[in-house]
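Reviewing the structure listed below.
The values are calculated or read from the model by the stated rules, or taken from the named source; none is laboratory data. For clarity, every value in this text was computed on a predicted model and none was experimentally measured. Cβ: placed from backbone, ideal geometry, glycine included. Neighbour counts: every protein chain shown.
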Amino acid sequence: MRHWLFHPIIFYPLAALLAALVIALSVQPQAWPRPPAPVAGAVAQANLVLEGSAFDAPDPGAGQHMHVARDFWGQPQSLRIAQAPNQPAPRTDEHGVRLLLTPASAELLRGKPIAVEVSYNPLPINAASGLAVSLRGDGAADWVSQPAPPQPGVLRFELPASANANAIGLRALSGGTDQAYGLEITRIRASPLRIPPAPAPAN
């Protein structure tokens with residue numbers, strides 16, 4: 001006796017539904033890019049930490065390739081950026097890939113020098129030779145660059161104070177001109193730069 005599940009009225013709609021589900025999962029809509037949006041990050045003792053969900057919706061900017069690595073469910077894991085071929089050094093009016101910040105998080109970075117520590121992994125091929133970081137706001141801002149050795153590590157940047165910072169800008173660097181070179185960013189930690197007090201005047 002044939003099972004009821006194989007009755008044409010039931011079987012064919014179920015088969016069509018299963019095929020549609022397989023097709024929908026194969027195009028991975030959970031991994032599609034999101035429109036740029038501010039993120040809060042995690043705040044601990046005046047330190048702002050950006051990782052995981054903070055990489056969900058960066059602003060890609062110009063002259064860079066950007067990819068958010070996600071798990072099967074679409075949760076962001078890391079941020080991969082690469083310099084497009086034949087790009088000059090970053091200009092003060094260039095934003096790069098920006099991690100936009102909510103007003104409360106941006107307030108932690110405004111009006112004071114900031115130390116930014118970036119944890120990264122080199123890409124298996126076409127690894128960038130350096131990284132530049134900047135506090136971005138409404139106008140121009142300086143970039144600070146560091147070489148990126150070809151192994152996982154942490155780069156530290158000391159950035160000048162910005163009165164209207166609302167994002168952290170990132171820019172992969174490479175001297176190669178034939179193709180894109182990049183790196184994978186796994187964590188960013190920003191904190192007020194501790195400046196040693198001025199020595200007391202001599203008597």
> In the range 111-141, which residues are of a type in the set (Asp, Glu), more than 15 Å from Leu99 (Cβ to Cβ) and at pLDDT 90 or above?
Replying inline: none
> So which of Ser119, Ser174 is hydroxyl-bearing (Ser, Thr, Tyr), in contact with a strand residue (DSSP E or B) (Cβ under 6 Å, 6 or more places away or on another chain) and over 23 Å from Asp56 (Cα atoms)?
Replying inline: Ser174
> Within the range 151-165, which residues are modelled with pLDDT of 90 or more and not aliphatic (A, V, I, L, M)?
Replying inline: Gln151, Pro152, Gly153, Arg156, Phe157, Glu158, Pro160
>> Condition check: touching a helix residue (DSSP H, G or I) at 6+ places or on another chain (Cβ under 6 Å) and among the β-branched types (Val, Ile, Thr). Does Val68 satisfy that?
In response: yes
> Of these, Arg2, Arg34, which one is part of a loop (DSSP other than H, G, I, E, B), charged (D, E, K, R), modelled with pLDDT under 80 and under 30 Å from Ala104 (Cβ atoms)?
Replying inline: Arg34
> Which residues, taken from the range 69-99, are surrounded by fewer than 18 Cβ atoms within 10 Å (Cβ to Cβ), hydrophobic (A, V, I, L, M, F, W, C) and not in a loop (DSSP other than H, G, I, E, B)?
Replying inline: Ala69
> Are there any pairs with C-beta distances below 7 angstrom linking a residue in the range 119-140 that is at positive phi to a residue that is surrounded by 18 or more Cβ atoms within 10 Å (Cβ to Cβ) and part of a loop (DSSP other than H, G, I, E, B), with the two at least 6 apart or on different chains, and if so which?
Replying inline: Asn126/Ala180
> If we scan the range 166-180, do we find a residue that is in contact with a helix residue (DSSP H, G or I) (Cβ under 6 Å, 6 or more places away or on another chain) and either surrounded by 14 or more Cβ atoms within 10 Å (Cβ to Cβ) or modelled with pLDDT of 90 or more (or both)?
Replying inline: yes
